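What follows is one structure encoded as structure tokens, with my remarks underneath.
The values are calculated or read from the model by the stated rules, or taken from the named source; none is laboratory data. Since the structure is predicted, the reported quantities are computational estimates derived from the model, not experimental observations. Don't worry about glycine lacking a Cβ; one is built from the backbone with ideal geometry, like all the others, and counts go over all protein chains shown.
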Amino acid sequence: MPTYESLKQQDPDIFNAVAGEMQRQVEGVELIPSENYISAAVMETMASVFNNKYSEGYPGRRYYGGQTYTDIVESLAIDRAKRLFKAGHANVQPHAGAPANLAAYFALLEPGDTVLGMDLSHGGHLTHGHPVTYVTKIFNFVRYKMKDIETGEIDYDEMREVALREKPKIILAGFSAYPRELDYAKMNAIAEEVGAYAVADMAHIAGLIAGHAARNPFDDGFDVILTTTHKTLRGPRGGMILSREAKLGKKIDKSVFPGFQGGPIMQMVAAKAVAFAEALKPEFKDYARQIIVNAKHMAAKFMDSGAKLITNGTDNHLFMIDCVKSWDITGQEAEELFDGVGITLNKNVIADDPRKPLDPSGVRLGTPAVTTRGMKEQEMDQLADFMLSAVSKRDDKAALEAQHEDVKTFCRKFPVPGVS
Ligand code: DSN
């Protein structure tokens with residue numbers, strides 16, 4: 001475990017919080033599908049001296065001196081990202097996923113243009129046009145939904161009709177709470193027919209694509225891929241914009257800087273390079289495949305117990321349980337119950353949820369982090385058993401406390417990279 005000696009001496013309050021969080025991560029189960037554990041090498045790079053450097057611009061074209069080493073790390077991050085995703089161009093500077101998405105909109109759209117994206121309650125993301133976001137004041141967003149919430153099927157004929165009527169400039173694939181694969185070829189054909197860019201926000205599944213466990217939208221002709229780097233891709237917190245053809249690169253680069261951001265967070269850019277090299281290794285393919293095997297296995301175990309899953313299963317790293325129908329508790333109550341026994345997941349709205357986002361009907365869970373700890377099908381059974389047992393003992397405080405101790409004992413057998 002890192003000792004953080006300087007921090008301990010200088011600032012005990014923050015040191016204690018860091019130490020507490022390390023212990024929470026080691027002794028708890030992480031099932032939030034957008035979270036993961038980075039390697040020690042990625043963590044070291046994130047804490048490196050690149051933090052001290054300003055480097056507005058791009059390799060070979062900067063506005064400050066002293067760029068010998070920033071140029072090396074950013075060029076390596078770009079080259080590795082292009083290899084990983086078969087991209088013609090990569091911009092590795094977006095500070096996070098939302099800024100990456102917004103910079104891409106500004107690169108590809110004029111104010112007033114239309115984007116066709118997935119509805120938030122059916123799995124989309126706030127930045128795909130939810131009315132609470134400022135970007136909806138500038139661009140017009142129209143939405144598609146699942147045709148059948150029992151299977152997760154999207155109605156591509158209807159999507160085409162909406163696209164012909166609304167004439168979007170972007171057709172947006174991608175989600176943060178959808179457990180099925182999208183048909184990129186069909187979406188790309190619709191985009192071509194209406195003259196729109198086909199853009200995939202693959203933040204959740206970037207690692208699955210990098211590990212060849214999920215389809216790469218570029219193989220079906222998509223123009224742009226947006227992503228975060230810290231979810232299934234298992235890198236530092238950050239964002240990235242990729243284009244299939246190099247010719248879109250100039251617009252994208254100009255939009256990220258100077259259009260949208262100032263100086264890149266260069267220690268994160270360097271850490272992205274380290275994570276991309278890890279994802280290029282053959283063993284990352286095993287990791288990506290196992291994430292899906294684990295998710296399908298745990299989803300099946302819950303369904304066997306009688307729980308109601310949204311779309312009745314999963315094709316990827318996540319699934320959602322309708323807690324009201326399954327256990328007669330809300331998503332918030334389930335989140336709190338599982339937190340109490342050391343299992344972290346998040347409450348989530350389900351399709352057309354009658355309840356509110358802060359008190360929804362469902363929970364969302366996934367397997368990227370537990371798979372990083374080396375857990376396989378047997379452990380997925382054990383985790384589901386822990387959760388089902390917590391549900392059945394939810395009014396028995398002593399039983400839940402005993403269960404929490406069992407979860408801690410179980411977790412200590414699976415080290416967290418860079419921490420335990
Ligand atoms: N916050 C991310 C998630 O949990 O899916 C999406 O931005």
For the list (1) over 26 Å from Gly362 (Cα atoms); (2) at pLDDT below 95; (3) hydrophobic (A, V, I, L, M, F, W, C); (4) away from the ligand (no atom under 16 Å from the Cβ), I need the number of the one condition that Ile170 fails. (2)
Quick one: how many residues across region 326-369 are in a loop (DSSP other than H, G, I, E, B) and in contact with a helix residue (DSSP H, G or I) (Cβ under 8 Å, 6 or more places away or on another chain)? 15
Boolean, Ala191 is of a type outside the set (Lys, Arg), within 16 Å of the ligand (Cβ to nearest atom), in contact with a strand residue (DSSP E or B) (Cβ under 6 Å, 6 or more places away or on another chain) and modelled with pLDDT of 95 or more: no
Can you tell me which condition Leu309 does not meet? The list is (1) within 16 Å of the ligand (Cβ to nearest atom); (2) touching a helix residue (DSSP H, G or I) at 6+ places or on another chain (Cβ under 9 Å); (3) aliphatic (A, V, I, L, M); (4) within 15 Å of Ala177 (Cβ to Cβ), and all the others hold. (1)
Scanning region 313-325 for residues that are assigned to a helix (DSSP H, G or I) and touching a helix residue (DSSP H, G or I) at 6+ places or on another chain (Cβ under 7 Å) gives Cys323
Hey, does region 104-127 have a residue that's touching a helix residue (DSSP H, G or I) at 6+ places or on another chain (Cβ under 7 Å), in a loop (DSSP other than H, G, I, E, B) and within 16 Å of the ligand (Cβ to nearest atom)? no
All positions within region 207-228 that are among the aliphatic types (A, V, I, L, M) and away from the ligand (no atom under 12 Å from the Cβ): Leu208, Ile209, Ala210, Ala213, Ala214, Val224, Ile225
Residue by residue through region 381-418, note down the ones that are hydroxyl-bearing (Ser, Thr, Tyr) and surrounded by fewer than 15 Cβ atoms within 10 Å (Cβ to Cβ). Ser392, Thr409
Out of (1) surrounded by fewer than 19 Cβ atoms within 10 Å (Cβ to Cβ); (2) touching a residue at least 40 places away in the same chain (Cβ under 8 Å); (3) in contact with a strand residue (DSSP E or B) (Cβ under 9 Å, 6 or more places away or on another chain), what's the single condition that is false for Ser48? (3)
Suppose the filter is within 23 Å of the chain's Cα centre (by Cα), modelled with pLDDT of 95 or more and not in a loop (DSSP other than H, G, I, E, B); does Ala384 pass it? yes
Mind counting the residues in region 238-268 that are part of a helix (DSSP H, G or I), among the hydrophobic types (A, V, I, L, M, F, W, C) and within 25 Å of Pro217 (Cα to Cα)? 4
Scan Ala307, Ala271 and give me the residue that is crowded, with 22+ Cβ neighbours inside 10 Å and either in a loop (DSSP other than H, G, I, E, B) or in contact (Cβ under 8 Å) with a residue 60 or more places away in the chain (or both). Ala271
Residue ID - surrounded by the most Cβ atoms within 10 Å (Cβ to Cβ), chosen from residues in region 64-84 that are under 9 Å from Ala273 (Cα atoms) and touching a Phe, Trp or Tyr at 6+ places or on another chain (Cβ under 6 Å): Ala81
Among residues of region 176-214, those that are within 22 Å of His95 (Cβ to Cβ), in a loop (DSSP other than H, G, I, E, B) and in contact with a helix residue (DSSP H, G or I) (Cβ under 8 Å, 6 or more places away or on another chain), counted: 2
Would region 76-95 turn up any residue that is within 22 Å of the chain's Cα centre (by Cα), modelled with pLDDT of 95 or more and within 16 Å of the ligand (Cβ to nearest atom)? yes
If only one of Lys376, Lys408 is touching a residue at least 40 places away in the same chain (Cβ under 8 Å), touching a Gly at 6+ places or on another chain (Cβ under 7 Å) and basic (Lys, Arg), which one is it? Lys408
Please work out if Gly342 is closer than 28 Å to Arg412 by Cα, more than 16 Å from the ligand (Cβ to nearest atom), at pLDDT 95 or above and under 21 Å from the mean Cα position of the chain (by Cα). no
If a residue has to be of a type in the set (Gly, Ala, Ser) and within 16 Å of the ligand (Cβ to nearest atom) to count, how many in region 1-52 make the cut? 1
